[in-house]
Amino acid sequence: MEYVNICLGFFFICFLVRGLFISLRRSKRVAPGPFPLPIIGNLLLLGDKPHISLAQLAKKHGPIMNLKLGQINTVVISSSVLAKQVLQKQDLAFSNRFVPDALRACNHSGLSVVWLPVNNSQWRTLRKVMNSHIFSGNKLDANEHLRTKKIQDLIHYCHNCSKVGEAVDMGRASFRTSLNLISNTIFSKDLTDPFSDSAKEFKELVWNIMVEVGKPNLVDYFPLLKMIDPQGIRWRLTEYFTKVLHLISGLIDERIKERKMGNRANVDVLDALLNISTDEIDRNHIEHLCLEMFAAGTDTISNTLEWAMAELLKNPHTLEKAQKELEQIIGRGKLIDEADITKLPYLRCIVKETFRIHPQVPFLIQRKTEEDIDFCGYTIPKDSQVLVNVWAIGRDSSLWEDPLDFKPERFWESEIDFKGRDFELIPFGAGRRICPGLPLAIKMVPAALGSLLNTFNWKLHGGIAPKDLDMEESFGITLAKTQPLLAIPIPGFKLVVKRATVVKPKKAPATKEKSTSSSTVVAAAKPKATILKKKVVVKKSKPTATATKQGKKTVTALAKAKKTLVKKATIAKVKKTSVKKVMKKPKTVKSLAKKAKK
Ligand code: HEM
């Protein structure tokens with residue numbers, strides 16, 4: 001009997017030691033992090049700017065950190081090397097999303113490309129639809145005119161402000177621009193008008209959605225509270241989603257009617273979506289996809305534009321350099337075409353630098369582990385939320401010299417790009433969940449920014465000195481500027497808001513030098529003579545050095561082209577046909593010059 005007792009005691013001790021050993025090993029393999037308090041864990045460490053607090057904590061605990069946010073185990077990645085591991089090398093294990101409770105409103109997360117898991121066939125189909133029917137090179141090229149028009153509207157709005165010396169609220173103005181850009185891409189329609197309040201509600205709805213989604217929600221840390229939704233975030237989002245979905249549904253009905261009547265060419269995204277509508281992607285998905293594009297595309301683009309302008313106004317030397325480049329390559333006063341962007345390396349550097357220092361989605365969109373994952377010697381437990389702190393990576397002093405300074409020049413000689421291959425700069429994420437809107441954003445941001453810089457001089461409202469400009473960030477689903485950027489556009493040029501085609505021939509410059517000072521004619525020297533298609537034409541009062549330089553190169557051709565244009569316009573006048581008709585087909589200078597020779 002004694003022998004049996006001894007054996008049992010021995011086995012019991014072995015069992016205890018083994019259990020202790022296993023639990024010790026397990027806890028050892030969890031990544032380091034701050035000690036969690038009972039119940040709330042490390043919640044108090046987040047503060048109101050979690051991207052900054054977590055970047056500071058990472059300096060102490062390392063580039064992979066384990067925290068307990070309420071009841072949710074959270075892993076924070078803060079280095080480019082580990083980001084590559086999460087987003088590329090072990091991509092599949094980290095590809096699903098940690099869905100915030102609020103996004104369950106109107107079953108949005110169950111129908112949405114942002115929140116569906118990657119193994120769901122609907123997610124794959126929706127991604128394919130986005131890649132091939134919305135954001136492919138061909139599709140984007142086909143609706144470039146819509147974006148150009150929205151940029152013209154923005155410049156027009158700034159022009160009106162400049163006439164009365166009023167400041168432009170950059171965030172609001174670019175929010176309207178990107179909202180209308182997306183509504184035009186999807187529905188071929190503006191859903192908000194810069195000059196009226198008629199469509200104010202839609203703008204306010206999208207704005208409110210972004211505000212609610214960006215609020216920290218207790219339910220996400222204590223899932224038991226789901227039932228009561230203590231902050232009412234899901235409740236309010238349900239109301240906003242319902243209204244937007246209702247509006248979208250009305251537009252879809254209208255379109256279906258138009259299509260039935262057969263008076264419609266398949267031109268925009270909605271047509272494409274209705275064409276491919278199947279059992280898998282039904283009307284519900286289409287409505288939520290439209291909603292998603294407004295939510296994901298509006299704030300991100302408009303905040304980026306506002307930050308870029310803020311950095312340039314804070315750094316007048318950089319602003320001057322950017323304007324000089326535009327002047328030399330495009331000719332001062334002109335809007336920037338998407339095709340021009342490749343010719344503007346400094347403008348591209350400015351956009352990259354803005355993405356580095358103000359990434360719009362500072363933690364990417366949170367990922368989730370579906371099972372225990374072995375990761376760089378640690379175990380990341382099942383159901384952990386995974387945040388990649390892109391904001392911290394963009395300011396990592398081991399990657400970037402003077403990381404807090406806005407220095408676009410750092411990208412001059414650098415091959416680093418933001419398309420998801422260089423993990424030092426991943427404002428759009430990487431891997432299979434990389435932002436599908438990237439191709440649109442990287443056309444829209446530089447074209448709008450370049451146009452703003454090239455058509456006006458800018459100064460800060462209220463006599464604020466550049467160095468005193470407030471650059472504080474507000475944390476939300478996107479990183480907004482806390483104090484709106486108010487900037488006064490100063491017209492250095494005469495802005496003619498009418499078709500180039502109605503520029504009267506007798507006003508055409510008479511001398512060679514003068515001819516080079518007209519941006520209309522300089523633009524005509526461009527191979528595509530694209531200015532002829534534009535509504536907003538900016539005429540300069542004085543010739544610039546660049547214009548003169550360009551003019552010298554093409555001086556003969558220009559003079560001849562101009563002569564021909566004047567001649568044609570005069571003939572048109574005589575014949576009482578409109579000048580517009582005569583100049584309808586844009587011609588290259590070469591062909592114009594040839595004709596003139598003949
Ligand atoms: C400056 C502009 C933009 C930035 C910085 C940006 C950034 C991002 C980021 C960081 C993600 C998460 C990627 C990840 O988890 O790895 C994302 C996802 C997404 N973005 Fe964008 N975005 C921008 C513009 C747009 C636009 C214009 C649209 C559409 C109109 C769009 C639609 C989406 C969608 C649908 C997703 C979810 C993809 C998925 O989960 O499969 N984004 N974006």
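Quick note: the coordinates plus some simple rules give every number you see, no bench work behind them. Note that this is a predicted model, so its numbers are computed, not measured. Note that we place each Cβ from the backbone using ideal geometry, even for glycine, and neighbour counts take in every protein chain shown.
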Could you pull out every residue, at least 5 positions away or on a different chain, whose amide H is within less than 5 Å of the one on Trp458? Hs are placed 1.01 Å off N in the peptide plane, and Pro or chain starts have none. Ile490
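Within segment 376-428, report the GluC sites (Glu not before Pro) that DSSP leaves as loop and that have at most 13 other Cβ atoms within 10 Å. Numbers along the way, then the final one.
Working: sites: Glu401, Glu409, Glu413, Glu415, Glu424; in loops: Glu401, Glu413, Glu415, Glu424.
Qualifying residues, ordered by number: Glu401, Glu413, Glu415.
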For the pair Ser132 and Glu201, the simple spin-label estimate (label points 7 Å beyond Cα toward Cβ) gives in nm 3.8
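As a footprinting exposure proxy, order Glu201, Glu287 by other Cβ within 10 Å, with the fewest listed first. Intermediate results must be reported in sequence, preceding the final value.
Values: Glu201 14, Glu287 22.
So the ranking, lowest neighbour count to highest, is Glu201, Glu287.
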Per the C-alpha gyration tensor (a ≥ b ≥ c, the square roots of its eigenvalues), segment 366-409 is rounded if a/c is under 1.5, else prolate if a/b beats b/c, else oblate; here it's prolate
So which aspartates and glutamates pass the test for Lys467, namely a Cα distance under 12 Å, with those fewer than 8 places away in the same chain ruled out? Glu311
Need the full-extension length gain, Ile39 to Asp468, defined as separation in residues times 0.36 nm minus the C-alpha distance. One decimal, nm. 150.2 nm
Interchain or long-range residues, amide H under 5 Å from Gly41's placed H: Gly70
To the nearest µm²/s, what D does Stokes-Einstein give for segment 146-195 at 25 °C and 0.890 mPa s, using the Kirkwood radius over alpha carbon pairs as Rh? 224
May I ask you to derive the relative contact order of segment 322-384, considering only C-alpha pairs under 8 Å and at least 6 residues apart, and to give it as an integer percent? 19
What is the spin-label model distance, in nm, from Glu166 to Arg124 if the labels are put 7 Å beyond Cα along the C-beta direction? 5.2
So, relative contact order of segment 136-239 in percent, Cα under 8 Å, 6 or more apart, is 17
Point-to-point label distance, Ser53-Asn107, nm (Cα→Cβ direction, 7 Å offset): 3.6
Take the alpha carbon gyration tensor of segment 417-457, find the square roots of its eigenvalues, order them as a ≥ b ≥ c, and report rounded if a/c is under 1.5; if not, report prolate when a/b exceeds b/c, else oblate. prolate
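Wrap a convex hull around the Cα atoms of segment 82-178, take a quarter of its surface area, and give that in square nanometres.
Working: hull surface 40.0 nm².
Quarter of the Cα hull surface area: 10.0 nm².
At a Förster radius of 41 Å, what calculated FRET efficiency corresponds to the Cβ-Cβ distance of Asn275 and Leu92, to the nearest 0.05?
Working: r = 32 Å, r/R0 = 0.77.
FRET efficiency, Asn275 to Leu92: 0.85.
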Report the full-extension gain for the segment Glu415 to Ile228: residue separation times 0.36 nm, less the Cα-Cα distance, to one decimal in nm. 62.2 nm
Using a cut-off of 19 Å between alpha-carbon atoms, which aspartates and glutamates can reach Lys203, once sequence neighbours fewer than 8 places away in the same chain are excluded? Asp153, Asp169, Asp190, Asp193, Glu212, Glu239, Glu287, Glu292, Asp299, Glu306
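Please list 69-77, 268-276 highest first by mean number of surrounding beta-carbon atoms within 10 Å per residue.
69-77, 268-276
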Fewest to most neighbouring Cβ within 10 Å: what's the order for His461, His145? His145, His461
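Applying 1/(1 + (r/R0)^6) with R0 = 35 Å to the Cβ-Cβ distance of Asp253 and Arg432, what FRET efficiency is obtained, to the nearest 0.05? Spell out each step's value before the answer.
On the way: r = 34 Å, r/R0 = 0.98.
Computed FRET efficiency for Asp253 and Arg432: 0.55.
Going by the alpha-carbon gyration tensor, a ≥ b ≥ c the square roots of its eigenvalues, is segment 40-108 rounded (a/c under 1.5) or, if a/c is not under 1.5, prolate (a/b greater than b/c) versus oblate?
Numbers: a/c = 2.15, a/b = 1.10, b/c = 1.95.
In terms of gyration-tensor shape, oblate.
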Residues whose built amide H sits under 5 Å from the amide H of Ile373, excluding neighbours closer than 5 in sequence, are Ile380, Lys382
Pairs Lys163/Lys343; Lys149/Lys459; Lys60/Lys89: which are spaced more than 28 Å apart, C-alpha to C-alpha? Lys163/Lys343
Restricting to DSSP loop positions (anything but H, G, I, E, B) with no more than 14 other Cβ atoms inside 10 Å of their own Cβ, which trypsin sites (Lys or Arg not before Pro) remain in segment 425-478? none
